[in-house]
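Notes follow once the structure below has been shown.
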Amino acid sequence: MSRFFKSFQYAIQGIKYNFSTQLNFKIHCLGFVFMNLTAYFLDFSLWEYIVCLILAALVFFAELMNTAIESVVDLSTKEYDDLAKIAKDCAAGAVLVLAICAIAVWGLIVFSKLNL
């Protein structure tokens, strides 16, 4: 069982690394707190909250994968390479697409609650 618990320890180290080194991960964490506050004060339904949680988890997942991809690319080449740039830019773009989607869904829920 110790190997099982070690795998959780490694995963937590990855999250800690992202939080301590990646500004965007911290921004996503602030967004997550803000989403939870608005969900509480605007009385999101269970389904509205579940949708927001799933989208937030996807954003965190994408940000973690982005860091992993960037690290592997940096490990593979120390010189500028067009393909390395494409890999890094596409990974960052994936995070951006998900974050915009999450904000849009959250915004639609908030606007419906505020009757805007």
Of (1) under 11 Å from the mean Cα position of the chain (by Cα); (2) on the phi > 0 side of the Ramachandran plot; (3) not hydroxyl-bearing (Ser, Thr, Tyr), residue 25 satisfies every one except (2)
Only residues in the stretch 69-95 that are of a type in the set (Phe, Trp, Tyr) count as the first member; pair them with residues that are in a helix (DSSP H, G or I) and at pLDDT 95 or above, Cβ under 6 angstrom, at least 6 apart or cross-chain, and list the lot.
none
Can you tell me how many residues within the stretch 70-95 are of a type outside the set (Val, Ile, Thr) and under 21 Å from residue 17 (Cβ atoms)?
12
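Yes/no per residue for (1) crowded, with 16+ Cβ neighbours inside 10 Å; (2) modelled with pLDDT of 95 or more; (3) part of a helix (DSSP H, G or I); (4) not hydrophobic (A, V, I, L, M, F, W, C):
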{"residue": "47", "(1), (2), (3), (4)": "no, yes, yes, no"}
{"residue": "63", "(1), (2), (3), (4)": "yes, yes, yes, yes"}
{"residue": "72", "(1), (2), (3), (4)": "no, yes, yes, no"}
{"residue": "89", "(1), (2), (3), (4)": "no, yes, yes, yes"}
{"residue": "107", "(1), (2), (3), (4)": "no, yes, yes, yes"}
Being closer than 19 Å to residue 100 by Cα and either exposed (fewer than 12 other Cβ atoms within 10 Å of the Cβ) or under 14 Å from the mean Cα position of the chain (by Cα) (or both) is the requirement here; does residue 11 meet it?
no
Restricting to the stretch 91-105, and then to whatever is farther than 17 Å from residue 31 by Cα and among the aliphatic types (A, V, I, L, M), can you tell me which residue is surrounded by the most Cβ atoms within 10 Å (Cβ to Cβ)?
91
Test each condition in (1) in contact with a helix residue (DSSP H, G or I) (Cβ under 8 Å, 6 or more places away or on another chain); (2) under 18 Å from residue 14 (Cα atoms); (3) not hydrophobic (A, V, I, L, M, F, W, C) for residue 71 and report the one that comes out false.
(1)
Scan the stretch 16-32 residue by residue and report those that are touching a residue at least 24 places away in the same chain (Cβ under 8 Å), surrounded by 15 or more Cβ atoms within 10 Å (Cβ to Cβ) and assigned to a helix (DSSP H, G or I).
18, 24, 25, 28, 31, 32
Among 5, 25, the single one that is modelled with pLDDT under 95, out of contact with any strand residue (DSSP E or B) (no Cβ under 6 Å at 6 or more places or on another chain) and aromatic (Phe, Trp, Tyr) is 5
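Residue-wise test of (1) of a type in the set (A, V, I, L, M, F, W, C); (2) over 19 Å from residue 109 (Cβ atoms).
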{"residue": "6", "(1), (2)": "no, yes"}
{"residue": "10", "(1), (2)": "no, yes"}
{"residue": "17", "(1), (2)": "no, yes"}
{"residue": "29", "(1), (2)": "yes, yes"}
{"residue": "36", "(1), (2)": "no, no"}
{"residue": "43", "(1), (2)": "no, no"}
{"residue": "67", "(1), (2)": "no, yes"}
{"residue": "76", "(1), (2)": "no, yes"}
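The values are calculated or read from the model by the stated rules, or taken from the named source; none is laboratory data. As the structure is a prediction and not an experimental result, all values here were calculated from the model. We place every Cβ from the backbone using ideal geometry, glycine too, and count neighbours over all the protein chains shown.
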